[in-house]
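A quick write-up on the structure given underneath.
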Amino acid sequence: MFENLQDRLGSILNGLTGRGALSEADVSAALREVRRALLEADVALDVVRSFTDRVREKAVGAEILKSIKPGQMVVKIVHDELIEMLGGEGVGVDLHAAAPVVIMMVGLQGSGKTTTSAKIAHRLSTREKKKVLMASLDTRRPAAQEQLRQLGAQANIDTLPIISGQSPTDIAARAVQAARLGGHDVVILDTAGRTHIDEPLMVEMADIKKRSNPHEILLVADSLTGQDAVNLARSFDERVGITGLVLTRMDGDGRGGAALSMRAVTGKPIKLIGVGEKMSELEEFHPRRIADRILGMGDIVSLVERAAENIDAEKAAAMAAKMAKGKFDLDDLADQLRQMQKMGGMGGIMGMMPGMAGMKDKMAAAGLDDKLFGRQIAIIQSMTKAERTNPDLLKHSRKKRIAAGSGTDAAAINKLLKMHRQMADMMKMMGGKGKGGMMKQMMGGLAGKMGLGGGMGGGMPDLSNIDPRQLEALQKQAEAAGLGKPGGGMPGLGGLPDGLSGLGGAKLPGLGGGFPGLPGLPKKK
């Protein structure tokens, strides 16, 4: 979502950091470009004006202009003000109230309220171990109540039985009563939306609020709607009194202005963001992490968290045992590729690595996109079990059959086999050191750089045993280790290479050589 803004701000601020000294005119010229970039990203005008005024006030001080590295000081000021604009500290869904805690979902039609309600319920039941009841109060939209019931069945969440003819306020009262009798910790009320804000909608919202006494009123807004989302938030807050915001479709290609404006305009925290269609693709909104991503500083904490969620401990232990014997077959390679897909693919991982966001375009230009993983997995799945275990069996006739089955050609199969051989050789050299595969090694190396070694067989730290404050301190530790500086690059990569030569032989921490799980990938000729 923030790629265009990231590119614009990155080029502006890089121009400042490359200079030995800054004048007031330099800062003013840079801030004019920053202002233009934010306006193009659809950030509200008053928010942009306030932001640039605060940065100018701090950046034009004598101690900044005369400091040893004035450009880096300006980048730090922009970074700090960006965090402040986004809300300072992250705020999660507040469950500190007598059970059942009532969460009321409001918003316009089509913003994703129903799906987001199910995602929040899934998150609370799996992560917080809460017993959740969902109830649809939308009696106007056809099959709205049935949609929520089906989402509840899919996520194994209780839903209020549908009784036709009841008004939204009666359903709200019945839901709270049913949650109390059923011993539920949380009840989520999915209210009706409209295509636009009107008086009957606001009256209905106020009546539901009065009957159900919600602890949280979350406004669900589509982040692709830009300034309209900001006006929507202001209207709902004035009439109903929202406690927080949930932005959907943050994985889209919008300009990100709504996310940057809504907190500043309403004063209400953005609590959650939807980053995909799956039930699990809902994340907490952390202003510091978003600011780091926008300024190309990476997001180590989210990357470590994502790795901890997606790395299967049992599979990792089984693979560690195989690798200790120097074994690495094509099934193991497919598992590694799937693991990287779960973590968001190459694009998602690169975007979170400090100083690596700019590599995504270079990789795409060389044909190293996430579709490559899908093609490679399809090739492996088209093989027999014997072929996957012993790739030496693959002669011309077998390759012809596999190419037909996977929709590829013999050249693609040969490239995959070459990649596998290189990785298998690497595993043999590593021997017992190859604990748990490339992703686990890579994340373990990053954790080691930040003083979090140990846990989970010497690779990924066991985040379930880490104090939340220690996890939040990860980013600061990363910066202290030189991982969070703009343009700093990953250790061993030496910044951003002009070409893709760094991908084949560059070393990431915790890996014996090569890009994570992808040594020897072909360069585009």
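The values are calculated or read from the model by the stated rules, or taken from the named source; none is laboratory data. All values derive from a computational prediction rather than experimental measurement. Here the Cβ is made from the backbone with ideal geometry for all residues, glycine too, and neighbour counts use every protein chain on show. Accessible surface is based on the protein model in full, side chains and every heavy atom, while ligands, DNA and RNA are left aside. Shrake-Rupley method; radii C 1.70, N 1.55, O 1.52, S 1.80 Å.
Some values worked out for this structure:
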item	result
Computed accessible area, LYS342, all protein chains, 1.4 angstrom probe, square angstrom	130 Å²
Packing-based order for 184-197, 414-427, using average beta carbon neighbours within 10 Å, highest first	184-197, 414-427
Heavy-atom accessible area ranking, 1.4 Å probe, most first, across ILE290, ILE163	ILE163, ILE290
Extension reserve of the MET429-ARG401 stretch, reckoned as 0.36 nm per residue once the Cα distance is removed	6.8 nm
Contact order relative to length of the stretch 214-283, as percent, for alpha carbon pairs under 8 angstrom and 6 or more apart	34 percent
Separation of the GLN227 and GLU57 label points, Cα + 7 Å toward Cβ, nm	2.5 nm
Difference of contour (0.36 nm per residue) and Cα-Cα distance, ALA143 to LYS322	59.3 nm
Cα centre as origin, Lys/Arg/Asp/Glu Cβ charges: the stretch 83-128 dipole, Debye	300 debye
Cβ-defined net charge surrounding ALA97, 12 Å radius [Lys, Arg +1; Asp, Glu -1]	-3
